[in-house]
């Protein structure tokens, strides 16, 4: 591959792996967290010696890291106000002495870069996973602490443009590395048993994600209510948990949709659920680059998603999926019906989507891009050129 950087071996013909620290806010099951684990566990261990530092307590993904032979230190911080975690992380970094630190997610980015500066870590890379629209404070803190950062990796071009324009990041310090997906795992999965899930053979809409305002699940519920008026046997399955769950179940009961709308909570069998569904719907108000959309495309499930950051870089509207204006109940309703009524059109979407994923959004390409970025940052260090 043109432009690749390869570190030379030392006199003995071997070079010890480069120590690299990874810092993340938590290790609960989420899209960014799962991409973080894929990155860390798939690095070439002949070249890298990774170690993970988690600001919060142990989450569900810790065991996968440890079972891959990667040391994990969890600090148990309850919130960002526990600034003592900066000192504790700095102490761990001084002992580990990494050549580079990569952080993921906002709190880990800010705390990690401060601790890395304190510990004298030579290079810091921060991962920006979303266009932050809820508050200007994160944007201000990002701008304020950029002097501690060598490079920022954004998950999509839209997030990169947003960060440059709104956080004042220098374009030269920003790269785009999209998420990747294990396409074979999703393409070859066996469909989950609908009967065991309490579902029928009627068309099934699937939502996978956190039940919070960002994901706009009530937009989907309102669209579904209109669809059921014309298609009374259609079904909707929510997979995930979040602060809106109780108000959503109350809404479903109020509108007498209990026999059509189902809540499964968090489940580990997402590939099987994607194979069992007829369309994935994600009406988010903002994103970075949604993993579940990539996974659905790989599995052969048509998608209806909002036209937000990252989705237009995944979806060619009408070719690999369907886009809707964020917050538009009417457009979500129309796009769902189009997919579920026209089976030939649905098949065309899924065939094109699978080809796109297998060509442009592989985990191998994602890992290779990160490794080449790290090597570019390290190539002029005396320790690696001597």
inquiry  = Could you check the spin-label model distance between residue 146 and residue 316? Points 7 Å from the Cα along Cα→Cβ, value in nm.
reply    = 3.4
note = For the pair residue 136 and residue 165, the simple spin-label estimate (label points 7 Å beyond Cα toward Cβ) gives in nm 1.6
message = Report the gain in length on full extension from residue 307 to residue 214: 0.36 nm times residue separation, minus Cα-Cα distance, nm rounded to one decimal.
response = 32.1 nm
remark   = Between the alpha carbon centres of segment 303-338 and segment 227-247 the gap in Å comes to 18
note = Computed over the chain: longest principal axis from alpha-carbon atoms vs helix 329-341 long axis, angle to nearest 10 degrees, is 80
key: Degrees separating the helix 157-166 axis from the principal Cα axis of the chain, which is the longest one   = 70
message = Could you tell me the calculated FRET efficiency between residue 64 and residue 230, based on Cβ-Cβ distance and R0 = 51 angstrom, to the nearest 0.05?
response = 0.70
inquiry  = List residues of segment 352-375, by number, whose backbone nitrogen lies under 17 Å from a label position 7 Å along Cα→C-beta of residue 381.
reply    = 370-375
ask   = Hey, of [x] 171; [y] 144; [z] 180, which did the structure itself give for volume of the Cα convex hull per residue in Å³ when calculated?
value = [y]
remark   = Here FRET efficiency (C-beta to C-beta, residue 328 to residue 272, R₀ 25 Å, nearest 0.05) is 0.25
request  = Please check which bits of segment 241-263 a label hung off residue 28 would reach, taking the label as a point 7 Å along Cα-to-C-beta and the cut-off as backbone N under 13 Å.
outcome  = 241-245
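Does segment 183-360 come out rounded, prolate or oblate by the C-alpha gyration tensor, with a ≥ b ≥ c the root eigenvalues, rounded set by a/c under 1.5 and, if not, prolate when a/b is larger than b/c and oblate if not?
Details: a/c = 1.41, a/b = 1.28, b/c = 1.10.
Verdict is rounded for segment 183-360.
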remark   = In degrees rounded to 10, the 0-90 angle between helix 363-378 Cα long axis and the longest Cα principal axis of the chain is 30
note = Out of 309, 364, 184, a Gaussian network model of the chain with alpha-carbon springs under 10 Å gives the largest mean-square fluctuation to 184
remark   = Once residue 345 and residue 364 are pulled to full extension, the length gained, defined as 0.36 nm per residue separation minus their Cα-Cα distance, is 3.8 nm
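Every read-out reported here was derived from the displayed coordinates using simple, explicitly stated rules and does not represent laboratory data. As the structure is a prediction and not an experimental result, all values here were calculated from the model. We place every Cβ from the backbone using ideal geometry, glycine too, and count neighbours over all the protein chains shown.
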